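One structure is given here, and the rest of the page talks about it.
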Amino acid sequence: MRSQRSDETWHVKYLLGNLTEDEQVELEDRAFADADYMSALEATEADLIDAYVRGELSQSDRRSFEFRFLTSPERRRKVEFARALATIASESKIQEPRAAGRPFFTRAFWGWNPVVQFAAAMATLMCIAGGAWLVSENAAIRSRVTALEAERRDFELREQNLRQRLSEEQGRAAALAAQNRPPSEVARAPLIASLVLVPGLSRAQTSVEQLVLDPSVQIARIEIELESRDDFPRFRAELRTRRGEEVLSRSNLVRRKSGPGFAVAVDVPATALAVGDYELALKGIAADHSSQDVGYYYFGVQKR
């Protein structure tokens with residue numbers, strides 16, 4: 001039986017997506033069977049949200065929180081509400097009115113039973129927070145819709161450019177392969193299959209990029225588009241199956257110019273990839289050898 005401290009650590013790892021699939025199943029089974037354990041898990045979630053809103057999470061936990069915890073609309077609404085409530089609470093701190101010159105209602109309020117005072121104060125705070133939350137949520141929704149629309153257009157343009165570049169690369173690879181093969185083998189498919197992954201993909205999306213491997217393919221080249229902030233001198237890539245089984249890892253990867261930005265390429269032997277879904281974790285390695293999560297990318301493998 002784990003201690004309360006160990007359970008809290010276990011809960012945080014679960015909420016940040018740092019448990020294996022078997023550990024997640026174990027925790028969820030226990031939560032559904034034990035109401036007290038479920039309450040403790042919900043309390044840990046509330047504390048984690050408050051710590052995120054107050055900026056108390058480490059850089060690694062904050063990135064995991066944003067990439068893995070904020071994958072559902074319900075969790076994002078909880079974070080927005082916590083942020084609005086914290087703002088209202090900080091703005092509502094005023095000095096306690098002096099006893100002399102208090103209005104009648106104020107004098108009556110301070111004369112109430114402490115339990116009634118607390119209930120009235122909480123009701124007032126909830127009304128203020130609810131109103132502020134509605135105004136903030138309405139403005140936030142409009143802002144998010146505008147941002148998402150701009151992001152969608154940007155992704156469409158980038159996807160179009162990437163597909164065009166991928167087609168050109170495949171054409172050059174096919175031409176080079178044809179030059180080095182006997183005439184009887186010119187008609188064979190290229191030996192390299194390429195896949196381009198862009199930032200913003202998540203495991204919760206209904207559809208992910210698919211890498212199709214022909215029998216003649218020997219190498220799968222996975223190219224990851226980087227954001228401008230990802231300016232590390234070296235990178236490390238870790239490829240796992242959906243169940244968390246490690247397929248391979250590559251170190252000392254360097255970024256290279258790719259169109260308007262930069263990208264990191266990972267070559268994977270086609271024999272190492274079975275049909276199924278995969279997660280590719282990319283970490284940036286700083287000059288002091290410390291590592292930082294850059295992102296998690298998801299794709300599927302199909303074979304002809």
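The values are calculated or read from the model by the stated rules, or taken from the named source; none is laboratory data. Small disclaimer: the values here were computed from a predicted structure and weren't measured. When we count neighbours, we look across all protein chains shown, and the Cβ atoms used for this are built from the backbone with ideal geometry, even at glycine. Surface areas here come from the heavy atoms of the whole protein model, side chains and all, with no ligands, DNA or RNA. Shrake-Rupley method; radii C 1.70, N 1.55, O 1.52, S 1.80 Å.
Could you rank Glu169, Glu227, Glu23 by how accessible they are, 1.4 Å probe, largest area first?
Solvent-accessible surface, decreasing: Glu169, Glu227, Glu23.
Cα centroids of region 268-296 and region 33-97: how far apart, whole angstrom?
What the calculation gives is 29 Å, centre to centre.
Explain nothing, just compute: Karplus ³J(HN,Hα) = 6.51 cos²θ - 1.76 cosθ + 1.60, θ = phi - 60°, for every residue of region 70-82 in order, whole Hz, x for Gly and Pro.
Values per residue, Gly and Pro as x: 7, 9, 10, x, 5, 5, 5, 5, 4, 5, 4, 5, 4 Hz.
Over all distinct alpha-carbon pairs, what is the Kirkwood Rh of region 1-81 in angstrom?
About 13.1 Å, per the Kirkwood formula over Cα pairs.
Between Ala287 and Thr124, how high is the FRET efficiency from 1/(1 + (r/R0)^6) when r is the Cβ-Cβ distance and R₀ = 30 Å? Nearest 0.05.
0.05
For Phe262, enumerate residues with amide H under 5 Å from its amide H, sequence gap 5+ or separate chain, H modeled in the peptide plane.
Leu226
Arg62: net charge of surrounding residues, Cβ under 12 Å, Lys/Arg +1, Asp/Glu -1, itself excluded?
Taking every Cβ under 12 Å from that of Arg62, the sum is -1.
Please enumerate, by chain and number, the aspartates and glutamates with C-alpha under 12 Å from the C-alpha of Lys303, excluding those fewer than 8 residues away in the same chain.
Of all the aspartates and glutamates, those that pass the test against Lys303 - Cα under 12 Å, at least 8 places apart if same chain - are Asp214.
Calculate the FRET efficiency for Glu137 and Asp47 from the Cβ-Cβ distance with a Förster distance of 25 Å, rounded to the nearest 0.05.
0.65
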